[in-house]
Amino acid sequence: MATTPSPPITQSPPPKLCTNTPNALSLLPRCTSFRGLKQIHAVTIKTHLQNDLNVLTKLINFCTQNPTTSSMEHAHLLFDRIPEPDIVLFNTMARGYSRSKTPIRAIFLFVELLNSGLLPDDYSFPSLLKACACVGAEALEEGKQLHCFAIKLGLNSNLYVCTTLINLYAECSDVEAARRIFENISEPCVVSYNAIITAYARSSRPNEALSLFRELQERNLKPTDVTMLSALSSCALLGSLDLGKWIHEYIKKYGLDKYVKVNTALIDMHAKCGRLDDAVSVFDNMSGKDTQAWSAMIVAYATHGQGHKSILMFEEMMKAQVSPDEITFLGLLYACSHTGLVDEGWNYFYSMRDKYGIVPGIKHYGCMVDLLGRAGRLDEAYRFIDELPIKSTPILWRTLLSSCSSHNNLGLAKQVIERIFELDDSHGGDYVILSNLCARAGRWEDVDYLRKLMKDRGVLKVPGCSSIEVNNVVREFFSGDGVHSYSTDLQKALDELVKELKMVGYVPDTSLVHHGDMEDEEKEIALRYHSEKLAITFGLLNTPPGTTIRVVKNLRVC
């Protein structure tokens, strides 16, 4: 019997992928903005990939590459969608937070990691320690706990962990701890040397920084652009021009002058060592100039008393369409202060906030006080500090105190010192300035009272120190060490120099010597062996005729 064939079973066609929908991950390499990232994220939702671990990982990676507040918040939302994130994803998040404006959130996330049962690895600690360093002293305790944790896990000898530990302690003003970390590295490389050299340079300890720079070379390690930044900064602090010039030649020889930051450091070094022409030459030969380079040149002209050239440089900067920053305006205000351009200074001060959106900092306020003080507008400077939108600091009042001394205004100086003592009564220089003012006015009882007050409060005067570089060696001289601290030849040469100066009209200003019962000759001897005079005399004795003598001081020149 014939059978009737069964009708074919009708099957629904398989779902087709829409070929017009681009693969979300393929778009990421071409994405250049956070807005674009959010659009790609939207595509992953439409294509049901929003919970795919691979997709989420790549989206988080993108958010953390150039972290902003918005991108890191988005990354954290994505991170929270992952039920069991691994240590790699945590490291990505921690690295992003450490480079963001909210680095402390890396520590908060780390606590969550520990609560989930995961342990950090050698990639975790560098980001976490960097986050603590960015926060500063407020996160030092957390940094120390991380240090202990790294030791427990046997990761304290890891090169990258050590390097970030050095940076952490340096940022928290504990250079000795940073040095101990460095000394425990069995085979330090250029990265670890860079960390410790930078630590000393940023802590204003240039001698130690340059000593380590030489040690690095003795180990036949090749310096990098980062090394040069710290070495040049140290030369600038010391006034070590010969070493600075050698470093400049090294930079040119090995092509490190292609880095804008290195050239900027060269400008700063030459300017601070008194070689303005060389600073200008470096600037003129730069193929590309950023805000920092322009600012360095503006500051260089200002510190050399060429304020009008600083202003012209700023005008050229504007023509080049380079945006100024807070350092630019520090240079401009400094230039106006040292050339008596009070009105122009006010204009720059207001424009930095109103036109460029730069909030004035304590250094900008200090420049304004100095500007008004130098111009003799002391009462206006007093009101300026008193009406600041932020809490005044001792340094602002000290700037005004110095101006009171320059203009011999004892009455206002007494008011200012009261404001200083309300904030800090431990700075010896404050007592000395007021004491000198009293001495000029013949108020010897007040001088004695201030000396007794210093003694009762345990306040010490910072000794004047002058350094001079001769034959690649920087030598330091201190005031108050006594005549017998130096060689007989140096004493005799200085005595002879003072005699010759008197023959051409030099008269020592003995009004600043504190002791009212001293004879003029005794007062003159007290002034004779100040540190800068000793340094200049040493330079005259130990350099060929015609050599420029450069002296660097920690205080103002006598």
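The values are calculated or read from the model by the stated rules, or taken from the named source; none is laboratory data. Note that this is a predicted model, so its numbers are computed, not measured. Note that we place each Cβ from the backbone using ideal geometry, even for glycine, and neighbour counts take in every protein chain shown. Just the protein is used for accessible areas: all its heavy atoms, side chains included, with ligands, DNA and RNA removed. Shrake-Rupley method; radii C 1.70, N 1.55, O 1.52, S 1.80 Å.
Which one, [x] 59, 27, 25; [y] 53, 27, 25; [z] 42, 28, 22, gives semi-axes √(5λ) of the Cα gyration tensor in Å as derived from the coordinates shown?
Answer label, from the structure shown: [x].
Compute the Cα gyration tensor for segment 107-224, then decide on rounded, prolate or oblate, letting a ≥ b ≥ c be the square roots of its eigenvalues: rounded whenever a/c is under 1.5, prolate when a/b is larger than b/c in the other cases, and oblate in all that remain. Walk me through the numbers on the way to the answer.
Numbers: a/c = 2.73, a/b = 1.73, b/c = 1.58.
Prolate is the answer for segment 107-224, as a/c is 1.5 or above and a/b outweighs b/c.
So, taking all protein chains as they sit and a 1.4 Å probe, how much accessible area belongs to residue 183, in Å² rounded to tens?
Solvent-accessible area, nearest 10 Å²: 110 Å².
May I ask you to rank 338, 364, 48, 74 by accessible area, largest first, using a 1.4 Å probe over the protein chains only?
48, 338, 74, 364
Using helices alone, I'd like the mean residue ellipticity at 222 nm for the chain: each DSSP H run of four-plus residues gives -39500 (n - 2.57), total over residue count, nearest 500.
When only DSSP H runs of four or more count, the value is -20000 deg cm²/dmol.
Checking the cross-link filter: which aspartates and glutamates have an alpha carbon closer than 16 Å to that of residue 502, excluding same-chain neighbours under 8 positions apart?
Within reach: 520, 521, 524.
Based on the Cβ-Cβ distance from residue 101 to residue 353, what FRET efficiency comes out when R0 is 22 Å, to the nearest 0.05?
It comes out at approximately 0.60.
Among the lysines, which have Cα under 19 Å from the Cα of residue 452 when same-chain residues fewer than 8 positions away are ignored?
414, 461
Using the structure shown, select from 101/391; 272/355; 363/533 the pairs with a Cα to Cα distance greater than 27 angstrom.
272/355; 363/533
If the chain between residue 290 and residue 45 were fully stretched, how many nm would it gain, using 0.36 nm times the residue separation less the Cα-Cα distance?
84.0 nm
Over segment 305-458, what percent of the accessible surface lies on carbon and sulfur atoms, probe 1.4 Å?
Heavy-atom surface of segment 305-458 belonging to carbon and sulfur, 1.4 Å probe: 48 percent.
What accessible surface, in Å², does a 1.4 Å probe find on residue 316, ignoring ligands, DNA and RNA and rounding to the nearest 10?
Counting only protein heavy atoms, residue 316 exposes about 100 Å² to solvent.
With a 1.4 Å probe and all protein chains left in place, how much accessible area per residue does the chain have, in Å²?
Ligands and nucleic acids excluded, the result is 55 Å² per residue.
For the chain, what does the relative contact order come out to in percent, with C-alpha contacts under 8 Å and a separation of six or more?
In percent, rounded to a whole number, it is 6.
Kindly report, to the nearest 10 Å², the accessible surface of residue 548 as traced by a 1.4 Å probe over protein heavy atoms only.
90
Cα centroids of segment 151-172 and segment 358-406: how far apart, whole angstrom?
About 41 Å separates the Cα centre of segment 151-172 from the one of segment 358-406.
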